[in-house]
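The values are calculated or read from the model by the stated rules, or taken from the named source; none is laboratory data. Keep in mind the model is a prediction, meaning the values are calculated, not measured. Here the Cβ is made from the backbone with ideal geometry for all residues, glycine too, and neighbour counts use every protein chain on show. Remember, those area values only see protein heavy atoms, side chains included, never the ligands or the DNA or RNA. Shrake-Rupley method; radii C 1.70, N 1.55, O 1.52, S 1.80 Å.
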Amino acid sequence: MDLVTLGETLVCLTGQETGRIETVRTFRKSIGGAESNTAIGLARLGLASSWISAVSNDGFGEEILKLLRGEGVDVDGVARRPEPTGLMVKERRAPGDVRVHYYRQGSAASCLEPDDIVAERITAARRLHVTGVTLALGAAPRQAVERAVEIAAAAGMSISFDPNLRLKLWSVDEAIDACRAVFPYVTDLLCNEQEAMLLARTDTLDAAVETLMGHGFPTIVIKRGELGAIGYRDGDVVHQQAWPVQAVDSVGAGDAFNAGYLYGQLTDLSFKRSIEVGNWAASHVVAHLGDYEGFPTAADYRIWVDQDVEVTR
């Protein structure tokens, strides 16, 4: 197994008309979750990924498991529970303006517990990837994440962490305290500019990076959307431009970047090239509606690397 991750996957309803949610009459059903998105992204690129969670016994839970299995993600570590599946609704106010509403309190995944984390499932992988979303779901899911990172660190595994701050789920102070609890275990911090400044309690990116470096992260990558990404490792600073694209839905872009970057690290690409692959993967996702639907495949990657022109007809 190349990567293991854990977290909540939601049923996602996306408005098919542009406008305020109360005026939209048609919604498209899909699924979405930061960690499962990243697992799907790696699986599509040809690596082995595993997702740990608690999933409802309802029909939506069945849909989540079937879809992830179909994408090649290992879900043998998923527990089944009677609580309902959480819901995410995407409101497309205007082109490029997508707002997200969560209905996840009391969901099956919010009941994820430390006992759901089996050490052998963690250590069977080469890397662990976790996010702040799971930390925000409650005390038990937070303890589950803490158990996972402790197991991985004891086994000498690389651990990537995306704060993925969702301030609709908790306060800034709560987020900072919970994220800092896992900082000592993290080898790769993957966050955006706003998250970096919030976590460091500063108002400039340079000051934020300096503060975060003080936590001892071997690697920090700052995701900057259309401005690309900046990586910091071993005293080196790497700047990578974004890939030009007409963005349709930015939700899932950070997860796609994570998948591309982690693919690079797992296949022994350079730090700079890994960030470039992350930007490339993110450019595919934002060009499509949905959290994971636009994720590129191994075939797409080969075409890109070989600089071939794809034959489409």
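General observations
- For Leu128, the criteria (1) in a loop (DSSP other than H, G, I, E, B); (2) farther than 22 Å from Lys168 by Cα; (3) open to solvent by less than 60 Å² (accessible area, probe 1.4 Å) hold in every case but one, which is (1).
- Here Ala94 meets the list (1) surrounded by fewer than 16 Cβ atoms within 10 Å (Cβ to Cβ); (2) modelled with pLDDT under 95; (3) under 19 Å from Thr38 (Cβ atoms); (4) among the aliphatic types (A, V, I, L, M) almost entirely, failing just condition (3).
- Restricting region 28-49 to residues that are small (Gly, Ala, Ser) and surrounded by fewer than 20 Cβ atoms within 10 Å (Cβ to Cβ) leaves a set whose member that is farthest from Gln143 (Cα to Cα) is Gly46.
- Verdict on Asp255 being of a type in the set (Asp, Glu), at pLDDT below 95 and surrounded by 17 or more Cβ atoms within 10 Å (Cβ to Cβ): yes
- Just one residue in the set Ile151, Ile159 is assigned to a strand (DSSP E or B) and under 24 Å from Met1 (Cβ atoms); that residue is Ile159.
- So Val100, is it over 17 Å from the mean Cα position of the chain (by Cα) and more than 21 Å from Ala39 (Cα to Cα): no
- Test for Glu62: is it at pLDDT below 95 and over 24 Å from Pro163 (Cα atoms): no
- Of the residues making up region 86-110, those that are within 20 Å of Ser50 (Cα to Cα) and in contact with a Leu (Cβ under 9 Å, 6 or more places away or on another chain) are Ala109, Ser110.
- Among the residues of region 99-116, just one is surrounded by fewer than 21 Cβ atoms within 10 Å (Cβ to Cβ), among the hydrophobic types (A, V, I, L, M, F, W, C) and farther than 16 Å from Leu167 by Cα, namely Cys111.
Let's see how each residue does on (1) in contact (Cβ under 8 Å) with a residue 60 or more places away in the chain; (2) in contact with a helix residue (DSSP H, G or I) (Cβ under 6 Å, 6 or more places away or on another chain); (3) among the aromatic types (Phe, Trp, Tyr):
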residue	(1), (2), (3)
Pro84	no, no, no
Met88	yes, no, no
Gly96	yes, no, no
Val100	yes, no, no
Gln105	no, no, no
Leu112	yes, yes, no
Glu120	no, no, no
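- Scan of region 131-148 for residues that are assigned to a loop (DSSP other than H, G, I, E, B) and surrounded by fewer than 22 Cβ atoms within 10 Å (Cβ to Cβ), ordered by number: Gly138
- Strands (runs of 3 or more DSSP E) wholly inside region 184-236 that include at least 1 residues being over 25 Å from Ala153 (Cα atoms), modelled with pLDDT under 95 and open to solvent by less than 40 Å² (accessible area, probe 1.4 Å): none
- Across region 10-27, the qualifying residues are those that are open to solvent by less than 10 Å² (accessible area, probe 1.4 Å) and touching a Leu at 6+ places or on another chain (Cβ under 9 Å), and the one among them that is farthest from Ile122 (Cα to Cα) is Thr14.
- In region 58-69 there is no residue matching the filter, namely being among the charged types (D, E, K, R), under 20 Å from Val11 (Cβ atoms) and open to solvent by less than 10 Å² (accessible area, probe 1.4 Å).
- Among the residues making up region 1-22, a single one is closer than 20 Å to Tyr103 by Cα, of a type in the set (Ser, Thr, Tyr) and at pLDDT 90 or above: Thr9.
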